[in-house]
Amino acid sequence: MDFEEYRTYDATGLARLVADKEVSAGELLALARARADAVNPRINAVVRDVPCAPDAERTGPFAGVPFLVKDLAQDIAGLPSSQGSRALRSTPVAETSTVVQRWQDAGLAIFGKTNLPEFGAKAISESEVWGPARNPWDLTRTPGGSSGGSAAAVAAGIVPAAGANDGGGSTRIPAACCGLVGLKPGRGLTPFGPASSEFMHGAAVQGVVTRTVRDTAALLDVMAGGEPWGPFETGTPGRPFAAAVGRDPGRLRIGVRVPSAITPDPHPEAYAAVASAVRTLTDLGHHVEELPEAPFDDAALAREFLLAWFVYIAWEVAEAKRTSGAGDDAFERDTRIMAALGNATSGPAYVDAVQRRHEHARRLTTFFESYDLLLTPTLATPPPKVGEFDLPGPLKVAADALLRTRTARLLSLTPIVDDMVDKNLGWVPYTQLANVTGRPAISLPLHWTADGLPLGVQLVAPLGGEGLLISLAAQVEEAAPWAHRVAPL
């Protein structure tokens with residue numbers, strides 16, 4: 001097998017070849033490594049090697065399929081998980097994450113870890129410790145974040161699927177930027193242990209980015225289910241998620257919303273992406289209806305999401321200092337700004353932001369009484385340029401002065417906060433809803449811009465709607481296939 005043939009198979013297809021002894025696991029691993037050697041210097045997707053014996057005996061549904069994991073919350077005992085930070089770059093972890101163990105038990109050959117922003121805190125993957133990851137469809141563009149390295153690696157053909165996680169869009173945004181499938185499962189369906197029972201009050205979940213819906217479904221079967229130290233027993237369907245591929249979803253009623261309170265005038269390509277999805281869904285017999293307003297208070301949700309996010313980053317920085325002994329200079333300027341804003345937030349204000357998630361969930365639940373799914377763009381603009389969101393020079397000087405003099409709480413009185421909000425959420429205002437409410441959501445690659453850039457669309461489902469999302473996504477994939485598209489790297 002050569003690379004051109006390797007690239008035509010998804011993970012499910014490669015697993016069948018190994019099982020039928022048409023190709024060896026060692027041969028696949030050599031192909032994946034050779035592809036990484038050839039393209040990674042240009043896309044900077046893989047940032048750490050993981051020891052992986054090419055001739056190891058592996059069993060499970062994905063035995064011998066090459067795989068990569070994200071360098072955050074997908075830990076391998078004895079190796080560092082940098083979380084994109086200089087502070088943790090060389091600090092080994094003691095335990096393997098439950099989700100990684102499940103991937104290993106399924107036979108996946110994990111040989112590397114992927115690039116991300118510091119602490120996964122941005123929708124771009126441009127950390128100072130690893131340098132920027134780049135989009136295989138256009139090397140001047142971001143592959144998104146925070147699972148940007150994983151998405152770039154899959155789009156570049158290094159692996160057919162890779163580990164991702166999602167606390168505010170970090171699986172769906174890179175999938176949309178790189179022409180992939182990205183499913184965020186519902187709250188608690190995939191494990192975050194043993195280091196934590198749940199991440200960000202359950203807003204963050206484990207997942208994958210893939211090229212095909214059947215891989216997404218089969219890998220969800222591998223990941224899904226609670227763990228002994230988890231906060232609750234998760235409900236799983238009586239049959240595998242993979243069985244939803246090919247199952248008729250029925251005639252669905254789908255509400256569509258493109259404008260957002262954060263981005264009232266999205267890029268024309270975002271409208272074009274949704275229009276393409278609407279045509280496909282309508283042709284499949286579904287009822288698609290434009291919504292006159294968002295089915296939730298998106299402006300309030302954004303404010304509350306960011307407030308809680310800043311507090312969480314403050315905790316991450318403190319925890320990294322405790323673990324590594326690092327000082328302030330081990331963290332990036334933007335991270336220190338977010339941490340300072342988090343530290344300046346009162347306890348009651350933080351709890352209020354978290355508690356208000358219930359209001360958004362109630363409003364979304366009311367929406368689902370009339371509709372089966374919510375359709376939005378995944379991105380409000382095409383993937384931005386690498387470096388586009390760097391702070392302007394004068395704001396860098398002002399931030400450094402406030403951080404140095406420990407008057408960082410005054411940052412809230414400067415344009416820095418508005419600049420960070422606009423740049424962090426302005427191009428991705430749609431994805432946080434599913435995290436805040438705990439609902440499942442998927443990004444599908446149904447549109448390419450006139451410049452040849454992917455721009456995905458998002459579908460959000462009610463609780464327990466993973467199977468519905470998978471069955472509809474597979475139906476859409478058959479009607480408007482995308483896996484044959486190859487990034488021009």
For this session: Working only within region 432-472, note down all residues that are hydroxyl-bearing (Ser, Thr, Tyr) and either in a strand (DSSP E or B) or over 23 Å from PHE199 (Cα atoms) (or both).
Result: SER443, THR449, SER471
Problem set entry | Unmet criterion (only one of (1) modelled with pLDDT of 95 or more; (2) in contact with a Ser or Thr (Cβ under 8 Å, 6 or more places away or on another chain); (3) closer than 21 Å to HIS360 by Cβ) for ASP298 | (1)
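For region 295-357, list the helices (runs of 4 or more DSSP H) that sit wholly inside it and hold at least 3 residues that are of a type outside the set (Val, Ile, Thr) and under 15 Å from GLY84 (Cβ atoms); which are they?
Working: elements: 298-324, 333-343, 347-355.
Because the criterion is at least 3 residues that are of a type outside the set (Val, Ile, Thr) and under 15 Å from GLY84 (Cβ atoms), the helices (runs of 4 or more DSSP H) in region 295-357 that meet it are 298-324, 333-343.
Being on the phi < 0 side of the Ramachandran plot and not in a loop (DSSP other than H, G, I, E, B) narrows it down to one of GLU5, GLU22, GLU95, so name that one.
Working: GLU22 fails: not in a loop (DSSP other than H, G, I, E, B); GLU95 fails: not in a loop (DSSP other than H, G, I, E, B).
The conditions single out GLU5.
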Exercise. What are the residues in region 29-56 that are in contact with a helix residue (DSSP H, G or I) (Cβ under 7 Å, 6 or more places away or on another chain) and not in a helix (DSSP H, G or I), if any?
Worked result: ALA45, VAL46, VAL47, CYS52, PRO54, ASP55
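Can you work out which of the residues in region 305-349 that are β-branched (Val, Ile, Thr) and crowded, with 17+ Cβ neighbours inside 10 Å is farthest from PRO429 (Cα to Cα)? First the steps, then the outcome.
Quick first cut of region 305-349, residues β-branched (Val, Ile, Thr) only: 311, 313, 317, 323, 335, 337, 345.
If we keep only those that are crowded, with 17+ Cβ neighbours inside 10 Å too, we end up with 311, 313, 317, 335, 337, 345.
Details: VAL311: 20, ILE313: 20, VAL317: 25, THR335: 20, ILE337: 21, THR345: 23 Å.
Restricting to residues being β-branched (Val, Ile, Thr) and crowded, with 17+ Cβ neighbours inside 10 Å, the top hit is VAL317.
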For this session: Please specify each residue of region 40-75 satisfying the condition of being under 26 Å from VAL18 (Cα atoms), crowded, with 22+ Cβ neighbours inside 10 Å and not small (Gly, Ala, Ser).
Result: VAL46, PHE62, VAL65, PRO66, PHE67, LEU68, VAL69, LYS70, GLN74
Problem set entry | Every residue from region 124-165 that is within 9 Å of the chain's Cα centre (by Cα), more than 26 Å from TYR9 (Cβ to Cβ) and not polar (S, T, N, Q) | GLY145
Exercise. ALA277 fails exactly one of the following numbered conditions: (1) modelled with pLDDT of 95 or more; (2) more than 22 Å from ALA450 (Cβ to Cβ). What is the number of that condition?
Worked result: (2)
Exercise. Given (1) under 28 Å from LEU219 (Cβ atoms); (2) at pLDDT 95 or above; (3) surrounded by fewer than 17 Cβ atoms within 10 Å (Cβ to Cβ), where does PRO488 come up short, assuming only one miss?
Worked result: (2)
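Let me confirm something: among LEU446, LEU469, which residue is touching a Leu at 6+ places or on another chain (Cβ under 7 Å) and surrounded by 20 or more Cβ atoms within 10 Å (Cβ to Cβ)?
Numbers: LEU446 fails: touching a Leu at 6+ places or on another chain (Cβ under 7 Å).
Every option except LEU469 fails the conditions.
Could you list, in sequence order, the residues of region 318-337 that are in contact (Cβ under 8 Å) with a residue 60 or more places away in the chain, more than 13 Å from LEU402 (Cβ to Cβ) and within 27 Å of the chain's Cα centre (by Cα)? Walk me through how you get there before you give the answer.
Pass one, region 318-337, residues in contact (Cβ under 8 Å) with a residue 60 or more places away in the chain: 320-321, 323-324, 326, 328, 330-337.
After this cut, where a residue has to be more than 13 Å from LEU402 (Cβ to Cβ) as well, the list is 320-321, 323-324, 326, 330-332, 334-335.
Once the filter is applied, which keeps residues that are in contact (Cβ under 8 Å) with a residue 60 or more places away in the chain, more than 13 Å from LEU402 (Cβ to Cβ) and within 27 Å of the chain's Cα centre (by Cα), region 318-337 yields ALA320, LYS321, THR323, SER324, ALA330, PHE331, GLU332, ASP334, THR335.
Does region 125-147 contain any residue that is outside any loop (DSSP other than H, G, I, E, B), under 15 Å from LEU72 (Cα atoms), in contact with a strand residue (DSSP E or B) (Cβ under 8 Å, 6 or more places away or on another chain) and touching a residue at least 12 places away in the same chain (Cβ under 8 Å)?
To start, the set of residues in region 125-147 that are outside any loop (DSSP other than H, G, I, E, B) comprises 126-127, 131-132, 135, 138, 141.
Those still in the list that are under 15 Å from LEU72 (Cα atoms) too: 126-127.
From what's left, in contact with a strand residue (DSSP E or B) (Cβ under 8 Å, 6 or more places away or on another chain): 126.
Checking which are touching a residue at least 12 places away in the same chain (Cβ under 8 Å) leaves us with 126.
Taking every residue of region 125-147 in turn, at least one turns out to be outside any loop (DSSP other than H, G, I, E, B), under 15 Å from LEU72 (Cα atoms), in contact with a strand residue (DSSP E or B) (Cβ under 8 Å, 6 or more places away or on another chain) and touching a residue at least 12 places away in the same chain (Cβ under 8 Å).
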Exercise. In region 153-171, which residues are under 30 Å from GLU5 (Cβ atoms) and of a type outside the set (A, V, I, L, M)?
Worked result: GLY157, PRO160, GLY163, THR171
For this session: Only residues that are over 20 Å from LEU375 (Cβ atoms) and outside any loop (DSSP other than H, G, I, E, B): list them for region 242-288, please.
Result: ALA242, ALA243
For this session: Looking only at region 204-230, count how many residues are acidic (Asp, Glu) and either touching a His at 6+ places or on another chain (Cβ under 6 Å) or part of a helix (DSSP H, G or I) (or both).
Result: 2
Exercise. Filtering region 249-275 down to residues that are out of contact with any Gly (no Cβ under 9 Å at 6 or more places or on another chain) and basic (Lys, Arg), which residue is surrounded by the most Cβ atoms within 10 Å (Cβ to Cβ)?
Worked result: ARG257
Problem set entry | Residue list for region 93-124, restricted to those being over 19 Å from VAL50 (Cβ atoms) and either surrounded by fewer than 24 Cβ atoms within 10 Å (Cβ to Cβ) or in contact (Cβ under 8 Å) with a residue 60 or more places away in the chain (or both) | GLU118, PHE119, ALA121, LYS122, ALA123, ILE124
Exercise. Taking only pairs six or more apart or across chains, which ones have beta-carbon atoms under 8 Å, a first residue in region 355-376 that is small (Gly, Ala, Ser), and a second residue that is in a loop (DSSP other than H, G, I, E, B)?
Worked result: ALA361/GLY438; ALA361/ARG439
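Do we have ARG239 as touching a Ser or Thr at 6+ places or on another chain (Cβ under 6 Å), surrounded by fewer than 19 Cβ atoms within 10 Å (Cβ to Cβ) and part of a loop (DSSP other than H, G, I, E, B) here?
Numbers: touching a Ser or Thr at 6+ places or on another chain (Cβ under 6 Å): no; surrounded by fewer than 19 Cβ atoms within 10 Å (Cβ to Cβ): yes; part of a loop (DSSP other than H, G, I, E, B): yes.
In short, no.
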Seminar exercise, completed: Selection from region 368-410 of residues surrounded by 17 or more Cβ atoms within 10 Å (Cβ to Cβ) and in a helix (DSSP H, G or I) yields LEU395, ALA398, ALA399, LEU402, LEU403, ALA408
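Can you confirm whether THR59 is assigned to a loop (DSSP other than H, G, I, E, B), farther than 21 Å from TRP229 by Cβ and in contact (Cβ under 8 Å) with a residue 40 or more places away in the chain? I'd like the intermediate steps shown before the answer.
Numbers: assigned to a loop (DSSP other than H, G, I, E, B): yes; farther than 21 Å from TRP229 by Cβ: yes; in contact (Cβ under 8 Å) with a residue 40 or more places away in the chain: yes.
It is true that THR59 is assigned to a loop (DSSP other than H, G, I, E, B), farther than 21 Å from TRP229 by Cβ and in contact (Cβ under 8 Å) with a residue 40 or more places away in the chain.
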Problem set entry | Qualifying residues in region 449-466 (those that are over 26 Å from PHE367 (Cβ atoms) and not charged (D, E, K, R)) - the one surrounded by the most Cβ atoms within 10 Å (Cβ to Cβ) | PRO454
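Select, from ARG134, ARG141, ARG172, the only residue that is among the charged types (D, E, K, R), surrounded by fewer than 24 Cβ atoms within 10 Å (Cβ to Cβ) and at negative phi. Break it down stepwise before answering.
Details: ARG134 fails: surrounded by fewer than 24 Cβ atoms within 10 Å (Cβ to Cβ); ARG172 fails: surrounded by fewer than 24 Cβ atoms within 10 Å (Cβ to Cβ).
Testing whether each residue is among the charged types (D, E, K, R), surrounded by fewer than 24 Cβ atoms within 10 Å (Cβ to Cβ) and at negative phi leaves just ARG141.
The values are calculated or read from the model by the stated rules, or taken from the named source; none is laboratory data. This is a predicted model, so every value here is computed, not measured. In this analysis, Cβ positions are derived from the backbone assuming ideal geometry, glycine residues included, and neighbour counts consider all displayed protein chains.
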